[in-house]
Amino acid sequence: MAAQDTEVPKGDGWVKVQQKTFTKWMNTHLRKRGYGAINDAEVDFDTGINLINLLNALYQIPLPKYSKDPKMRAHKLDNISQALSMLEKAQVKTNFLKSVHLVDHDLKMILGMVWCIILDYQIKGISVEEMTAKEGLLLWCQKKTAGYRDVKVENFTTSWQSGLAFCALIHRHRPDLIDYNSLDKSKARENLELAFSVAEKELGIARLLDIEDLTDVARPDERSVMTYVSEYFHCFAGMDVKERATARVAKLLAFNKSMEDLQHDYEAKARALLGWIHHAEQRMSERDTPADGEAAKRKFEEHKHYLIQEKPQKTANKLDLESLFAEIQTKLSVYGRHPYVPPPGLTIDDIDVAWDSLAKSEKGRGVAVRDNVYKFITKNTSTVSAEQLREFEESFRHFDKDGSGQLDRLEFKAALQALSVPFKNEDAFNKVFDEVAEGNPRISKDQFINYLVGLSADKDTPDAIKSAFLLMADNRDTISQQQLRSCGGFQSGDVDYLIAHMPQAADGNYDYRAFTDAQFK
């Protein structure tokens with residue numbers, strides 16, 4: 001991977017900062033795989049072992065056969081050669097790096113090598129070339145900090161010295177962690193300490209920079225700042241994905257609740273109508289004979305009022321009830337759910353039987369013909385707003401460098417990353433590119449926007465719901481109450497609803513797969 005677009009530092013002050021920042025970054029990943037730490041990047045690569053361990057930790061490339069305790073220069077060079085072969089397998093380009101640079105402790109070449117690894121591993125979700133990677137990451141920072149007081153991210157050097165840009169990134173995604181309105185631009189050290197501490201303790205972002213790396217220099221080291229900022233990107237991009245997954249599950253819950261409300265409404269109205277039918281049939285069954293003409297007239301008027309005023313209103317109520325039942329069943333069918341089964345005695349058939357019996361008491365007067373007005377319910381699966389479409393078009397124009405109206409592979413990846421669309425690996429990205437491009441080497445504006453519109457669609461299928469739960473459960477087959485409550489995007493009462501309706505698994509957590517299967521037919 002080339003490293004052409006970061007500015008070339010003047011003097012040698014940058015060496016110390018980069019050495020410190022890059023070492024912290026490497027040790028963070030070495031610790032995750034149980035490897036020992038690098039103490040001095042200048043000399044700790046001369047046996048090749050630490051580079052072999054680092055590449056195995058990052059890329060899971062199998063360990064080659066190498067000397068575990070090399071003493072002679074030839075043995076060290078052989079180990080380094082094995083490590084550089086691993087770099088080639090990882091497709092990390094290091095330009096003019098040679099084995100002798102490591103064994104002879106050429107610090108500047110070593111730092112250049114580590115920077116190429118950081119670019120490839122840490123920012124390859126944005127691009128495989130630094131120019132696009134830097135612009136994509138910068139655009140992401142600008143979008144996330146837009147509107148924040150005293151923050152204007154224009155670069156990866158001076159824009160971060162006040163500490164407010166870091167605080168804004170955290171507040172944008174986790175406003176509960178920082179009171180941004182209380183911050184003062186003039187108190188840079190306090191702002192930086194707040195951001196670094198919160199990021200480390202609450203978000204798990206390693207403290208790769210020291211405060212003085214930003215405050216005690218006229219222009220901070222760009223590569224060091226870019227490395228640290230990319231940690232924020234990866235942390236928050238993952239949160240954005242989980243929030244979208246949570247929103248999908250929340251939509252399922254909203255649908256369930258709306259259906260339950262309609263069903264409760266149906267049952268209450270059905271009971272009220274059946275109560276009236278029972279009472280009316282008792283009256284219609286009376287065969288008393290008035291003793292005089294006035295009494296007979298009153299009975300006639302009562303029956304007339306029943307036929308003209310009372311019965312038509314109940315006929316309308318019955319039609320409304322049938323329409324409500326049809327609405328419930330049609331929505332459940334369109335959304336792939338099980339049909340609604342009313343409690344015994346409250347079905348439409350039960351009401352019809354009672355209505356027919358009443359009609360016989362009225363000497364064969366028939367009932368009104370039921371009418372289903374909800375046969376054309378359609379399922380709404382896209383909620384792309386005009387503002388989102390404008391954002392998609394702006395991103396396309398920004399990354400269409402040559403103004404051709406098409407994006408090549410690198411431009412497409414940078415544009416998606418700027419819109420917080422991450423990829424698990426390069427193969428996953430290539431698969432998406434080939435599908436969207438439909439076999440062409442470049443992607444048109446319509447293909448680009450159609451793909452993003454498809455991503456914004458809320459898919460209401462069993463597999464989509466299970467995938468959403470899987471993200472919320474951190475790739476586990478069951479989900480805990482704590483995981484449910486830590487997810488953003490739910491409405492009030494949603495988590496309690498899930499806990500009440502999801503079956504518990506053997507581990508004490510909740511079986512979201514069984515819950516999802518029970519929702520669909």
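Where a number appears in this text, it was derived from the coordinates with a stated rule and is not lab data. Because the structure is predicted, anything quoted here is derived from the model rather than measured. For neighbour counting, all protein chains shown are included, and Cβ atoms are generated from backbone atoms with ideal geometry for every residue, glycine included.
Annotations for the structure displayed:
- Cα→Cβ-extended label distance, 7 Å offset, between residue 317 and residue 255, nm: 3.3 nm
- Rounded to 0.05, the FRET efficiency of the residue 499 and residue 357 pair, given R0 = 60 Å and the Cβ-Cβ distance, is 0.85.
- Two-site label geometry, residue 463 and residue 333: point separation in nm, points 7 Å out along Cα→Cβ: 2.5 nm
- Remark on residue 406: its backbone amide H falls under 5 Å from none of the residues 5 or more positions apart or on other chains, H modelled at 1.01 Å from N.
- Judged by the mean number of other Cβ atoms found within 10 Å, the most tightly packed of the peptides 203-209, 165-171, 510-516, 340-346 leads the ranking 165-171, 510-516, 203-209, 340-346.
- Angle in degrees between helix 445-456 and the longest Cα principal axis of the chain, rounded to the nearest 10: 60 degrees
- Neighbours of residue 450, meaning other residues whose beta-carbon lies under 14 angstrom from its beta-carbon, give a summed charge of -3 when Lys and Arg score +1 and Asp and Glu score -1.
- Around residue 517: net Lys/Arg minus Asp/Glu count, Cβ-Cβ under 12 Å: +2
- Per-selection metrics, the chain (Cα): Rg and Dmax in Å: 34.0, 131
- In plain terms, the chain from residue 350 to residue 453 could stretch by 32.4 nm, reckoned as 0.36 nm per residue minus the Cα-Cα distance.
- For residue 485, net neighbour charge (Lys/Arg +1, Asp/Glu -1) across residues whose Cβ lies under 12 Å away: -2
- Cα long-axis angle, helix 73-89 against the chain (0 to 90 degrees, to the nearest 10): 30 degrees
- With R₀ set to 56 Å, the beta-carbon distance separating residue 387 from residue 93 gives a calculated FRET efficiency near 0.90.
- Here's the picture: a label point sits 7 Å out from the Cα of residue 426 along the beta-carbon direction, and within the range 82-112 the residues with their amide nitrogen under 17 Å of it are 84-95.
- The charge dipole of the range 130-240, taken about the Cα centre with unit charges on the Cβ atoms of Lys, Arg (+1) and Asp, Glu (-1), comes to about 340 debye, rounded to the nearest 20.
- Sequence-distant residues sharing a close amide H with residue 505 (under 5 Å, placed H): 510, 511
- If R0 is taken as 41 Å, the Cβ-Cβ distance between residue 39 and residue 186 corresponds to a FRET efficiency of 0.65.
- Alpha carbon centroid spacing (whole Å) that separates the range 162-196 from the range 227-282: 36 Å
- Against the main long axis of the alpha-carbon atoms of the chain, helix 293-305 sits at an angle near 20°.
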